[in-house]
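Structure first, commentary second.
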Amino acid sequence: MRTSPNRLIATVFGAVYLLVGLLGFFVTSGTGFFATKGATLIIFDVNPLHNVIHLAIGAALLYSGMNGVTAAKSVNTTIGGVYLLVGILGLFLVGTSLNIIALNGADNVLHLASAVLLLGVALSQDKATVATARA
């Protein structure tokens, strides 16, 4: 992991998203599973569905970070792409009935920043390692 930026970022992001998912359940007591207005965790709005998504993403990132460069690079690319989409769509969903994961402006910024970091590392790092693994 020390020599792979993809494994490092997947592991760190995975641990952080798992922690955020767990902490979210402490503040969402009494909040509807699909509530469009969530409870506040620091500056982010979360509902139970949002917490479950954070747990799933955190688990995928952590697992891939622990299991090799190719897995980490693939998961970083996939989750980075999904976060890019969620960050852009979130700009239009806040304040609507379609906002089933209780997004707010801070969530959108975090999702876009996560997308930039995950995609940036996935697409620019560990090229030689992945090419060697395919050979």
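Would you compute, for the Cα atoms of the chain, the largest minus smallest coordinate along each principal axis and list the three values in descending order, in whole Å?
Rounded to whole Å, the extents work out to 51, 27, 20 Å.
Could you work out how far the C-alpha centroid of the range 42-120 sits from that of the range 1-26, in angstrom?
12
Residue by residue through the range 51-56, which ³J(HN,Hα) values in whole Hz follow from phi under the Karplus form 6.51 cos²θ - 1.76 cosθ + 1.60 (θ = phi - 60°), with glycine and proline marked x?
Each residue of the range 51-56 in turn: 5, 4, 4, 4, 5, 5 Hz.
If each DSSP helix of 4+ residues adds -39,500 (n - 2.57) and the sum is divided by the residues in the chain, what number results at 222 nm, nearest 500 deg cm²/dmol? Spell out each step's value before the answer.
Numbers: 5 runs with 95 residues, N = 135.
When only DSSP H runs of four or more count, the value is -24000 deg cm²/dmol.
Sorting Asp126, Asp45 on the 10 Å Cβ count, fewest up front, what's the list?
Working: Asp126 21, Asp45 25.
In order of increasing Cβ crowding within 10 Å: Asp126, Asp45.
Just how large is the dipole of the chain about the Cα centre, in debye to the nearest 20, putting +1 at every Lys and Arg Cβ and -1 at every Asp and Glu Cβ?
Values: 6 positive and 3 negative charges, 82 e Å.
Result for the chain is approximately 400 debye, rounded to the nearest 20.
Could you list Lys37, Lys127, Lys73 so that the one with the fewest beta carbons within 10 Å of its beta carbon is first and the one with the most is last?
Values: Lys37 13, Lys127 10, Lys73 25.
Fewest to most other Cβ atoms nearby, the residues stand as Lys127, Lys37, Lys73.
Report the local net charge at Ile53: Lys and Arg +1, Asp and Glu -1, summed over other residues whose C-beta lies under 14 Å from its C-beta. Write down the numbers at each step before the final one.
Details: positive: none; negative: Asp45, Asp107.
Residues close to Ile53 contribute a combined charge of -2.
Please report the net charge: other residues with Cβ closer than 10 Å to the Cβ of Ala102, K and R +1, D and E -1.
Details: positive: Lys37; negative: Asp45, Asp107.
So the environment of Ala102 carries a net charge of -1.
In µm²/s, what is D for the range 48-125 at 10 °C and 1.306 mPa s, where D = kT/(6 pi eta Rh) by Stokes-Einstein and Rh is the Kirkwood radius from Cα pairs?
On the way: Rh = 12.9 Å.
The Stokes-Einstein estimate is 123 µm²/s.
Every number here is computed from the coordinates shown, using simple stated rules; none is lab data. On a predicted model such as this, the values are computed, not experimentally measured, just so you know. Note that we place each Cβ from the backbone using ideal geometry, even for glycine, and neighbour counts take in every protein chain shown.
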